[in-house]
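K.L.:
One structure, pasted below without further comment.
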Amino acid sequence: MSFANTFYNALVKRNSVYVTSIFAGAFAFGVSFDLGVSSFWDNWNKGKQWKDLRAKYVQDEE
Amino acid sequence: MLSRLPASSLQSLRLSANAHSSSLLTTTVRNVSRVRYVSSNSGASSGAKSFLDSRVTLASATLFAVGSVAWYTHLYGSLPFFGEVHANSPAEEGLHPQPYPWSHNGLFDSFDHASIRRGYQVYREVCAACHSLDRIAWRNLVGVSHTADEGKALAEEVEYEDGPNDQGEMFQRPGKLSDYMPPPYPNEEAARAGNGGALPPDLSLIVKARHGGPDYIFSLLTGYVDPPAGFEIREGMNYNPYFPGNAISMARVLFDGLVEYDDGTPATTSQMAKDVTTFLNWASEPEHDERKKAGLKAVILFSALTAISLYIKRFKWSVIKSRKIIYNPPADKTHH
C-alpha cells in the first residue's frame, strides 16, 4: 500500500479519528516547535541568560 | 467575438486557420497577439517585443533610480539636489555616537544578564543619587538579574510610607518586592534645586527616548573632554560633544574603580558605562528577550505558511494555466 493509502485508511477514513488526530497533531507540533526554538535560542545565547547565572547566586539550596 | 478570446487561443487559431488562409483573420491576430495576458505565457508575444518596452527594463531602471537615490541619502544624509538649512551647526546638535557591538544587537541575541546585574549595581551606587527609575519595581529584577531572595533583601533596605493604619495615620515600613524603586528627590523642584536648575530625567525609558539609544548613552557617559579653545562654558556646566548643545549639567560621574563588582570584573570607566547602559536598555525594553524569541517563531511559521499557500495556488491554477482553447470554425456552407 502506498503512503497515501496508508495515511487515508489510518487517519482520514473516520471523521472522529481525523479530527482527533488533527487536534493531537496540533498539540504535539506546538510543544515540539516550542522546544526546538527554545533549544536553539538557549544554545545561541549560551552563558548570557539569567538561568545560566542563577546557580551562582542562589543561597540555601535545600 | 474574436476579441473576447485570449491571445493564445487566437494563435492556435492561426495554425488551424492556415488552410482557410483568411487575410482578415491574420490581421486581427497580429493586432491582438501583442496583448499579453497574465495567465498566458510570454511566448505569446514571441521575440518581437523590443528591449526598450519590456517590463524587465522598466523594472530594473526604476530599481536603479530608487536604489541610487537611497544609496546617496544613506551616504550623505540628505536628498541630492535639495538644499537644506540648519539653525545649528552639526556640533551643536551633538556628535553622532559610534555604533557599538552590543551583545544584544543581533536578531537572535538576548541581553547579557550578567551585564544587567553589574549595571544595576552601577545605577544603584552612582546614578540613583540623582536619577529616578520609577517604572521599575523590585520584582522586575527577579529572574532577570537577581534571585527572589536578593530582590526581597534589596527592597527591605528601603523605607516606604504606607497607610493609613486603623488610627488613620501613615506609617513607614520596609519595602516589598511589589514596590517601585524609590526616587532620589521628593519632587521635580527639589531635583532641580539640587542640580543647578537642571532636571535629571527619569532613566526608565531613556534608552528609547534618545536618538542612538544605547550608543548615545554610552558615548555620553564616556565622552567628557575638555572644551575646545574658544568654547564658552558656564559655571557648573560641563563640556560633552555628544550632548546637544555640548554643555551638560551632569558632570562626569564614572571613574575607574568607582564600584566593586561581585563577579570580579574590573570596574573600568568603559566597563561601568557599558553595564549601566545595558541595564538601562533592559529597563526600557524588559520584553526584549521574549520579543526576539517570539519573532523567531513567527518568522518560521509565517514563512512556512507562505510557502504552503504559494504551492497550493500553483497547484490549483496549473489546470487553468495549461489549458488551451481551440476554436474550429464550422465549414462555411453558404458560398459553395
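K.L.:
Determine whether the stretch B:55-67 contains at least one residue that is part of a loop (DSSP other than H, G, I, E, B) and open to solvent by 40 Å² or more (accessible area, probe 1.4 Å).
P.N.:
no
K.L.:
Can you tell me how many residues within the stretch B:255-278 are more than 15 Å from B:SER115 (Cβ to Cβ) and touching a residue at least 60 places away in the same chain (Cβ under 8 Å)?
P.N.:
Residues meeting the conditions: 1.
K.L.:
Taking the stated definitions as given, is B:LEU220 open to solvent by 70 Å² or more (accessible area, probe 1.4 Å) and not acidic (Asp, Glu)?
P.N.:
So B:LEU220 fails the test.
K.L.:
Which residue pairs have Cβ atoms closer than 9 Å, lie 6 or more positions apart in sequence or on different chains, and pair a first residue in the stretch B:142-162 that is within 12 Å of chain A (Cβ to nearest Cβ) with a second residue that is open to solvent by less than 30 Å² (accessible area, probe 1.4 Å) and of a type in the set (A, V, I, L, M)?
P.N.:
Matching pairs, first to second residue: B:VAL144/B:ILE116; B:SER145/A:LEU53; B:SER145/B:ALA114; B:SER145/B:ILE116; B:GLU150/B:LEU141; B:GLY151/B:LEU141.
K.L.:
Hey, another quick one. Where residues in the stretch B:154-184 are of a type in the set (A, V, I, L, M) and over 37 Å from the mean Cα position of the chain (by Cα), which of them is surrounded by the most Cβ atoms within 10 Å (Cβ to Cβ)?
P.N.:
B:VAL158
K.L.:
Does B:GLY213 count as away from chain A (no Cβ under 14 Å), surrounded by 14 or more Cβ atoms within 10 Å (Cβ to Cβ) and within 22 Å of B:THR269 (Cβ to Cβ)?
P.N.:
Here the answer is yes, as B:GLY213 does meet what is asked.
K.L.:
Criterion first (at pLDDT 95 or above and over 21 Å from B:PRO201 (Cα atoms)) does B:GLY163 satisfy it?
P.N.:
In short, no.
K.L.:
Are any of the residues in the stretch B:258-270 under 30 Å from the mean Cα position of the chain (by Cα) and assigned to a loop (DSSP other than H, G, I, E, B)?
P.N.:
Going through the stretch B:258-270, the residues under 30 Å from the mean Cα position of the chain (by Cα) turn out to be B:269-270.
Now drop any that are not assigned to a loop (DSSP other than H, G, I, E, B), which leaves none.
No, the stretch B:258-270 contains no residue that is under 30 Å from the mean Cα position of the chain (by Cα) and assigned to a loop (DSSP other than H, G, I, E, B).
K.L.:
Continuing with the same structure: Of all the residues that make up the stretch B:143-153, how many are surrounded by fewer than 18 Cβ atoms within 10 Å (Cβ to Cβ), within 13 Å of A:LEU53 (Cβ to Cβ) and not small (Gly, Ala, Ser)?
P.N.:
1
K.L.:
If you don't mind, there's one more thing I want to ask. Of everything in the stretch B:93-119 that's part of a helix (DSSP H, G or I) and open to solvent by 10 Å² or more (accessible area, probe 1.4 Å), which residue is nearest to B:LEU220 (Cα to Cα)? Write out each step before concluding.
P.N.:
Taking the stretch B:93-119 first, the residues part of a helix (DSSP H, G or I) are B:113-119.
After this cut, where a residue has to be open to solvent by 10 Å² or more (accessible area, probe 1.4 Å) as well, the list is B:113-114, B:117-118.
On the way: B:HIS113: 22, B:ALA114: 22, B:ARG117: 21, B:ARG118: 19 Å.
Among them, the one singled out is B:ARG118.
K.L.:
Still on this model: From (1) more than 37 Å from the chain's Cα centre (by Cα); (2) at pLDDT 50 or above; (3) open to solvent by 90 Å² or more (accessible area, probe 1.4 Å), pick out the condition that doesn't hold for B:SER50.
P.N.:
Checking B:SER50 against (1) more than 37 Å from the chain's Cα centre (by Cα); (2) at pLDDT 50 or above; (3) open to solvent by 90 Å² or more (accessible area, probe 1.4 Å), the one that fails is (3).
K.L.:
Quick check, is B:GLY83 more than 10 Å from chain A (Cβ to nearest Cβ), over 26 Å from B:PRO241 (Cβ atoms) and either of a type in the set (S, T, N, Q) or open to solvent by 20 Å² or more (accessible area, probe 1.4 Å) (or both)? Steps first, please.
P.N.:
On the way: more than 10 Å from chain A (Cβ to nearest Cβ): yes; over 26 Å from B:PRO241 (Cβ atoms): yes; either of a type in the set (S, T, N, Q) or open to solvent by 20 Å² or more (accessible area, probe 1.4 Å) (or both): yes.
The answer is yes for B:GLY83.
K.L.:
Now, a different point. Identify, from the list B:LEU258, B:LEU310, the residue that is open to solvent by 70 Å² or more (accessible area, probe 1.4 Å) and in contact with a Ser or Thr (Cβ under 9 Å, 6 or more places away or on another chain).
P.N.:
Going through B:LEU258, B:LEU310 in turn, just one is open to solvent by 70 Å² or more (accessible area, probe 1.4 Å) and in contact with a Ser or Thr (Cβ under 9 Å, 6 or more places away or on another chain): B:LEU258.
K.L.:
Only residues that are hydroxyl-bearing (Ser, Thr, Tyr), touching a helix residue (DSSP H, G or I) at 6+ places or on another chain (Cβ under 8 Å) and away from chain A (no Cβ under 14 Å): list them for the stretch B:86-111, please. Working first, answer last.
P.N.:
If we filter the stretch B:86-111 for residues that are hydroxyl-bearing (Ser, Thr, Tyr), which is where we start, we get B:89, B:100, B:103, B:110.
Those left that are additionally touching a helix residue (DSSP H, G or I) at 6+ places or on another chain (Cβ under 8 Å): B:100, B:103, B:110.
Correct list: B:TYR100 only.
K.L.:
Could I ask something else about it? Checking B:ASP226 against (1) outside any loop (DSSP other than H, G, I, E, B); (2) under 37 Å from the mean Cα position of the chain (by Cα): exactly one of these is not met. Which one?
P.N.:
(1)
K.L.:
How many residues are among the hydroxyl-bearing types (Ser, Thr, Tyr), within 14 Å of the chain's Cα centre (by Cα) and more than 10 Å from chain B (Cβ to nearest Cβ) if we restrict to the stretch A:16-62?
P.N.:
Final tally of qualifying residues: 2.
K.L.:
Given the structure, is B:ASP134 in contact with a strand residue (DSSP E or B) (Cβ under 7 Å, 6 or more places away or on another chain), closer than 19 Å to B:GLU285 by Cα and either within 12 Å of chain A (Cβ to nearest Cβ) or surrounded by 10 or more Cβ atoms within 10 Å (Cβ to Cβ) (or both)?
P.N.:
yes
K.L.:
Which of (1) open to solvent by 30 Å² or more (accessible area, probe 1.4 Å); (2) touching a residue at least 40 places away in the same chain (Cβ under 8 Å) does B:TYR72 not meet, given it meets every other one?
P.N.:
The failed condition is (2).
The values are calculated or read from the model by the stated rules, or taken from the named source; none is laboratory data. Since this is a predicted model, take the numbers as computed values, not measurements. Cβ sites come from the backbone with ideal geometry, for glycine too, and all protein chains shown count toward neighbours. All accessible areas refer to the heavy atoms of the entire protein, side chains included, with ligands and DNA or RNA removed. Shrake-Rupley method; radii C 1.70, N 1.55, O 1.52, S 1.80 Å.
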